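The values are calculated or read from the model by the stated rules, or taken from the named source; none is laboratory data. Keep in mind that what you see is a predicted model, and the values were worked out from it rather than measured. Cβ placement follows ideal geometry from the backbone for every residue including glycine, while neighbour counts extend to all protein chains displayed. Note: areas computed on protein heavy atoms with side chains; ligands, DNA, RNA excluded. Shrake-Rupley method; radii C 1.70, N 1.55, O 1.52, S 1.80 Å.
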Amino acid sequence: MPFIDPLSDGRYRVCGPSRGTVIGEADTATAAIAMVMGSLPANCGPAVAGTANDQRQG
């Protein structure tokens, strides 16, 4: 899944699904979140607390 890394200049880098894949950079957290939401698959369910391993065990 995509994730957001804060940059030292106050901007944000959106990556995913691996750290080597950059989706883009944004000036604001709101814009970075919009990039993440736009890159999620259509069948993506709601966010849940925990790690991928937690979800596999449940």
Give me the accessible area per residue for the chain, probe 1.4 Å, as a whole number in Å².
74 Å²
Rounding to the nearest 10 and keeping the result within 0 to 90°, find how far the Cα-based axis of helix 29-39 lies from the longest principal axis of the chain.
50 degrees
Per residue of the chain, what 222 nm ellipticity follows from adding -39500 (n - 2.57) for every DSSP H run with n ≥ 4, rounded to the nearest 500?
-8000 deg cm²/dmol
[x] 4.2; [y] 11.1; [z] 4.7, with the label sought being that of the calculated mean projected area of the Cα convex hull in nm²
[z]
Share of the chain's accessible area from carbon and sulfur, percent, 1.4 Å?
56 percent
Karplus (6.51, -1.76, 1.60) ³J(HN,Hα), θ = phi - 60°, over segment 2-10, in Hz, Gly and Pro reported as x
x, 8, 10, 10, x, 9, 5, 8, x
Cα-projected label distance for T28 with L7, points at 7 Å along beta-carbon direction, nm:
1.7 nm
